[in-house]
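Rule-based calculations on the coordinates, nothing more; no lab input. Predicted model only: the values in this text are computed from it and were never measured. Here the Cβ is made from the backbone with ideal geometry for all residues, glycine too, and neighbour counts use every protein chain on show.
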Amino acid sequence: LIKDAAKQCKELVVPPEPEVYLTDINSQYSTLQLIVRVANPRRMPQVKSKLLKLIKQAFINAGIQLF
């Protein structure tokens, strides 16, 4: 879901493809890391916001609730 959502962001440079890594897991939460290449690094705050919105919507569409 996360990779597919990231691919919708037009401000990323592809290739390389987005990469997602599970970096931590415990009884309360899991931590994932998304690695992408941004076309214009000065727009990183805007791109991060866009990516978070796209990812959240992908989870909602899949019936997965995020807090």
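Structure summary
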quantity	calculated
Over the chain, relative contact order from alpha-carbon pairs under 8 Å, at least 6 apart, %	35 percent
Helix-only mean residue ellipticity at 222 nm for the chain, each DSSP H run of n ≥ 4 adding -39500 (n - 2.57), per residue, nearest 500	-11000 deg cm²/dmol
About the Cα centre, charge dipole magnitude for the chain (Lys/Arg +1, Asp/Glu -1 at Cβ), debye	380 debye
Gln33 versus Gln65: modelled label distance in nm, points set 7 Å from Cα along the beta carbon direction	3.0 nm
Environment charge of Pro18, counting only residues whose C-beta is closer than 15 Å and scoring Lys/Arg +1, Asp/Glu -1	+2
The chain - Kirkwood radius from inverse mean 1/r over Cα pairs (Å)	12.7 Å
Linear extension gain, Met44 paired with Lys56, 0.36 nm per residue minus alpha-carbon span	2.5 nm
Surrounding net charge for Val38, when Lys and Arg each add one and Asp and Glu each subtract one, Cβ distance under 15 Å	+4
